[in-house]
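Colleague: A single structure is presented below for examination.
The values are calculated or read from the model by the stated rules, or taken from the named source; none is laboratory data. All values derive from a computational prediction rather than experimental measurement. Please note: Cβ atoms are built from the backbone with ideal geometry, for glycine as well, and neighbour counts cover all protein chains shown. Only protein heavy atoms, including side chains, enter the accessible area calculation; ligands, DNA and RNA are left aside. Shrake-Rupley method; radii C 1.70, N 1.55, O 1.52, S 1.80 Å.
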Amino acid sequence: MTRNIRIGIDVGGTNTDAVAVSAGRVIGSVKRPTTPVVTDGIVNALAALLATSRFLPAEVSAVMVGTTQFVNAVVQAKGLARTGVIRLGLPATTALPPLVDWPPALRRAIGDHVFLCPGGHEYDGSEISPLDRARLREVAGELAARGVDSVAITSVFSPVNADFELEAAAVITAQLPGVPVTLSSDLGRLGLLERENATAMNACLRVLAAETVQGFEDALAAVGITGQLFVSQNDGTLMNVDYARRFPVVTFASGPTNSMRGAAFLSGLPEGAVVDVGGTTSDIGVLNRGFPRQAALTAEVGGVRTNFRMPDVLSLAIGGGSIMRWNGQSVTVGPDSVGYELRDRSLVFGGDTLTATDVAVAAGRAEIGDAGLVAQLDETLVERGLAYIEDVVTEAIDRMKLSPDPVPVIVVGGGGPLVRASLPGASKVVRPDHGEVANAIGAAMAQVGAEVDRIVHAGAGGRKRAVDEVVQEAVDRAVDAGAVPSSVTVVQIDEIPVSYLPGDALRVRAKAVGDLPVEAAP
């Protein structure tokens, strides 16, 4: 009988991990160095997984990929599309024009194609000024002359009324056929500048997203896998490749999110702190009902403030590849790392660079490389190096906790041996089996999901009707992202009265998740 196998892949800065899961059980896992061309590392990992786990490509029903490709492009200001940024709000909002808080290098990377046009709404839904379609056609002509590859449109208070964004998109698309358009009402929450930043960031990644997704599809084809392809989102859920092409920014934190979801699955603990120690960084987060706790404040990416949904994660520049320095009395760890060159540069592999991995091997906590090459390390160096790491991790856990009470701590990631078996403030330290590839397992076990954040007015229809409309939009988006309609359930509804708006205004946030098509098949 043909098995229904799901493959999870996580592309990290140091390693590309791949796992195969069947009937809720891990049947194989591999860890391969990440390559400069990301898809090459994926092909290597998939080929190794197929070779060692004894299953056929035809048995793979779905592949889930978590990637840092898009956030790296923003941080490094590389591979970004020339982007036109249009704000609908004149005569208001002129004091702070679009992209006003972007770092100069990032702004130059997407081009200075910024336009303010009439339009927008007040907080109560009334118009600031009528939409000027003639002006939008002029802007479209100028964008065409400048050769932009993507367009971002933001209207003031579009979470209250998105009509102007939709109309503006129709005008721009008619003038610039084939150029992708991103609307802020599809992405961000309240807060004009942050929502606009998220929209522009998404728009400048649309071309790269199309190329990256195509690369993923080519990697699967190279090893003969024809199963469906999904991409991990920031909240621990999945989206299909069409949705990923449209909204690449929702992948930014998929790496640590997958690790936390994998940690919850492997440990069976829906609540607790998760420490994911990778090769370059360590991410600390908190589980809430098996999902990462979401950040309540704005998220900064590449020096730009945004307000799309992100997990509340604290990242430390400490990992298995972190370079250690010892002057005979004190030790420092990182922030620089040998990254994917660990197997070439660390002492246990015959290199000449002292890394955190070398210290873990010398202390007997890890079995990797040749332990004889680090047998002569100074015992004080080893002791103080590990103590340094544990102090930093313990402090980070305390910062992430919401109360002083001890909590379970789940340690995962390839660099997990750097963290000792007991920590101050931890009720227990759990190291689940397959924890070194928890990130890929989190991707493999995820469901498809979507979230909607809206300001609604109860009005004549009443509160229930207004809330139901937002819930239905979340369900529709989950289906659009690839979920089987009959399987979609709403897992979160938040209703917050907005006292400064007239009438019965509510801020409603709804999250829906559903099964993959391959799960619903008989």
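Colleague: How big, on average over all directions, is the shadow cast by the Cα convex hull of the chain, in nm²? Could the numbers behind the result be given before it?
Modeller: On the way: hull surface 104.2 nm².
Here the figure is 26.0 nm², rounded to one decimal.
Colleague: For Lys401, give me every one of the lysines with a C-alpha distance below 22 angstrom, ignoring sequence neighbours fewer than eight places off in its own chain.
Modeller: Correct list for Lys401: Lys428.
Colleague: Oh, and also: Need the C-alpha centroid separation for region 7-45 versus region 423-492, integer Å.
Modeller: The two parts, judged by their Cα centres, are 25 Å apart.
Colleague: Working only with C-alpha atoms, what are the Rg and Dmax values of region 101-201, expressed in angstrom?
Modeller: Final numbers for Rg and Dmax: 13.2, 37 Å.
Colleague: Please tell me the relative contact order of the chain in percent, rounded to the nearest whole number, where contacts are Cα pairs under 8 Å and at least six residues apart.
Modeller: 14
Colleague: Test of understanding: given the chain, find the longest segment containing no trypsin sites (Lys or Arg not before Pro) that are in a DSSP loop and have at most 10 other Cβ atoms within 10 Å.
Modeller: 290-522
Colleague: Could you tell me the center-to-center distance, by alpha carbons, between region 213-228 and region 167-205 in angstrom?
Modeller: That distance is 29 Å.
Colleague: Something else now. For Lys464, give me every one of the lysines with a C-alpha distance below 28 angstrom, ignoring sequence neighbours fewer than eight places off in its own chain.
Modeller: Lys511
Colleague: To the nearest 500 deg cm²/dmol, what mean residue ellipticity at 222 nm is calculated for the chain from DSSP H runs of n ≥ 4 alone, each contributing -39,500 (n - 2.57), summed and divided by the residues?
Modeller: On the way: 15 runs with 171 residues, N = 522.
Estimated from H runs of four or more residues: -10000 deg cm²/dmol.
Colleague: Follow-up. Restricting to Cα pairs below 8 Å that are 6+ residues apart, what does the relative contact order work out to for region 322-371? Please round to a whole percent.
Modeller: On the way: 67 pairs, mean separation 14.5, N = 50.
For region 322-371, the relative contact order is 29 percent.
Colleague: Over region 329-416, how many percent of alpha carbon pairs lie in each 5 Å bin up to the one with the longest distance?
Modeller: 2, 12, 22, 22, 18, 10, 7, 4, 1, 0
Colleague: Counting alpha carbon pairs within less than 8 Å and at least 6 residues apart, what relative contact order, in whole percent, applies to region 1-55?
Modeller: 29
Colleague: Still on this structure, please answer the following. How would you rank 492-498, 45-51, highest first, on the average number of other Cβ atoms within 10 Å across their residues?
Modeller: The packing order, highest mean first, is 45-51, 492-498.
Colleague: Can you give the extra length, in nm with one decimal, that the chain gains between Lys401 and Glu300 once fully stretched, where that is 0.36 nm per residue apart less the Cα-Cα distance?
Modeller: Length difference between fully extended and current span is 34.3 nm.
Colleague: Expressed in whole Å with the largest first, what are the equivalent ellipsoid semi-axes of region 6-69 derived from the C-alpha gyration tensor as the square root of 5 times each eigenvalue? All intermediate terms of the calculation are to be shown ahead of the outcome.
Modeller: On the way: eigenvalues 77, 26, 19 Å².
Taking √(5λ) for each Cα gyration eigenvalue gives 20, 11, 10 Å.
Colleague: How long, wide and thick is region 279-433, going by the Cα atoms along their three principal axes, in whole angstroms, largest first?
Modeller: That gives 47, 36, 32 Å along the principal axes, largest extent first.
Colleague: Excluding ligands, DNA and RNA, what is the solvent-accessible area per residue of the chain at a probe of 1.4 Å, expressed in Å²?
Modeller: The answer is 40 Å² per residue.
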